[in-house]
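Only one structure is covered here, and it is reproduced in the block below.
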Amino acid sequence: MARKKFKDIAVENFILHYQQKRPIDWAAQFNRQAPLDLEIGFGLGEFLLDQSREAPERNYVGIELDWQRIKKTLHKIWAIRQPNGQNFFTDNIRILQVEADIALRRLFVPRSLHRVYCLFPCPWPKKGHIRYRLFSRPFCRVVNSRLVDGGFVQIVTDHEPYFEWLQEEVSGSGFRVEGRKISPRFNTKFERKWMGEGQEEFFELILRKSEHMDIPLEEDLPLTVYFVDDFIPDRFCFPGRVGCPSVVQKDFLFDPQRGKAMVHLVAAEEHVTQHVWIVIAKSRRGWYVALAAGQTVLPTPGVALAVRMTAEAVKQTFQENNTTNH
Ligand SMILES: C[S@@+](CC[C@H](N)C(=O)[O-])C[C@H]1O[C@@H](n2cnc3c(N)ncnc32)[C@H](O)[C@@H]1O
């Protein structure tokens, strides 16, 4: 079977946000100060690339969850630069793989974005799935807070009930709303898809910032390293916690030769669910308990709690032993 050809990608346009100091210093990322615009869920990047070509004086950040789509977009940028690798209009694009709610709360300071675009957000048409829709009222408030005064959001959907739902959802989040039907004009994958199925008009909402919502930046927490006098791995029992945050155990591994254990936990809190590995290892100061290195984890209150609960469970193995010996 023929091997799939590796596609070259423009890594210089891609930001590993986990490795950046948060919030991101966008002027430093683009090597210049310019109006900053954001596209959420850019898919195959058609609109992002068009915008960046049409307005080279602006900086564009594109965020997307799906790695395959990101890879294809980065490949398009790479291909535009060929054959001599010269930078053209794509210099003003930065791409991140990140969930929109996390990005807006943690990567952008209040009043930093001029325009936010979202074309064909997932409409989650089933009644039971409405809670998954991105533009919920709390999210609209965060977007508002990150926009400069006079900034706006453009959302286009193929789904009329979503259009109607959003007009209600957005109330109370500091926007003046303008809605209208529009003809196809973006030539994105999903616009083409709906046109292919016979749809000839779509629904556009412009949300103009009219009042500022004060939603502060969510900042990283310093994560504690705990030291515990003793540890009896056979007795390790992670209690788990359901609430906000929730922390549950998925796995526990112990290597007696290396004197090292790893605990796999899931920490779920209001806006983010993360898988984390906590290391428990022997050291001169006793057993240390800390977030294991090499992970893409945001240091949130849920993660801090996961480390603390692990340290307490380690302590418990020793204290239980003491109790039974007496
Ligand atoms: C229906 S597609 C539209 C893609 C593109 N805008 C277009 O018009 O072809 C929705 C896109 O949003 C992305 N997405 C969904 N939820 C997201 C989120 N919370 N944060 C970032 N991207 C998201 C999906 O991965 C998907 O590529």
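When the Cα positions of L49, F135, A34 are compared along the charge dipole of the chain, L49 comes out farthest toward the positive end, with charges on each C-beta of Lys, Arg, Asp and Glu. What's the angle, to the nearest 10 degrees (0 to 90), between helix 160-169's Cα axis and the longest principal axis of the chain? Result, in degrees: 60.
Positive-end ranking of T317, W124, V61 along the dipole of the chain, with charges on Cβ about the Cα centre, is headed by T317.
Helix-only arithmetic for the chain: the sum of -39500 (n - 2.57) across DSSP H runs with n ≥ 4, divided by the residue total, places the mean residue ellipticity at 222 nm at -8500 deg cm²/dmol. Each Lys and Arg contributes +1 and each Asp and Glu -1, all at the Cβ; summed about the Cα centre of segment 226-325, the dipole is approximately 280 debye. The distance linking segment 181-198 with segment 226-243 is 54 Å (Cα centroid to Cα centroid, whole angstrom).
The aspartates and glutamates within cross-link reach of K282, meaning a Cα-to-Cα straight distance under 20 Å and a gap of 8 or more places when in the same chain, are D229, D230, D234, D251, D255, E312, E320. Taking Cα atoms only, the orientation of helix 301-325 departs from the longest principal axis of the chain by about 10 degrees. Springs join every pair of Cα atoms under 10 Å in this Gaussian network model of the chain, and among D251, D234, D158 the largest mean-square fluctuation is at D234. How much accessible area per residue does segment 11-209 have, counting only protein heavy atoms and a probe of 1.4 Å, in square angstrom? With all protein chains present, segment 11-209 gives 47 Å² per residue. If you take all other residues with their beta carbon under 11 Å from the beta carbon of T90, and give Lys and Arg +1 and Asp and Glu -1, the sum is +2. Translational diffusion coefficient of segment 162-204 (Stokes-Einstein, Kirkwood radius from Cα pairs, 4 °C, 1.567 mPa s): 109 µm²/s.
For segment 226-325, with all protein chains present and a 1.4 Å probe, just round the carbon and sulfur fraction of the accessible area to a whole percent. After summing per-atom areas, the C and S share lands at 48 percent. For E169, what is the net charge nearby, where nearby means another residue's Cβ is under 13 Å from its Cβ and Lys, Arg count +1, Asp, Glu -1? Spelling it out: positives minus negatives among the neighbours equals +2. A Cβ-based charge dipole, computed about the Cα centre of the chain with Lys and Arg at +1 and Asp and Glu at -1, lands at about 840 debye.
For each pair in K21/K250; K72/K189; K21/K71, compute the distance between the two Cα atoms and list the pairs where it is over 20 Å. Correct reply: K21/K250; K21/K71. Once the Cα atoms are used to define both axes, helix 67-81 deviates from the longest principal axis of the chain by about 50 degrees.
Per the Debye formula on identical point scatterers at the alpha carbon atoms of segment 92-145, with no solvent, log10 I(q)/I(0) at q = 0.14, 0.24, 0.31, 0.32 Å⁻¹ is -0.44, -1.12, -1.43, -1.44.
The values are calculated or read from the model by the stated rules, or taken from the named source; none is laboratory data. Since this is a predicted model, take the numbers as computed values, not measurements. A quick note on method: Cβ atoms are made from the backbone with ideal geometry, for glycine too, and the neighbour counts reach across all protein chains shown. The accessibility values were calculated without ligands, DNA or RNA, using every heavy atom of the protein model including side chains. Shrake-Rupley method; radii C 1.70, N 1.55, O 1.52, S 1.80 Å.
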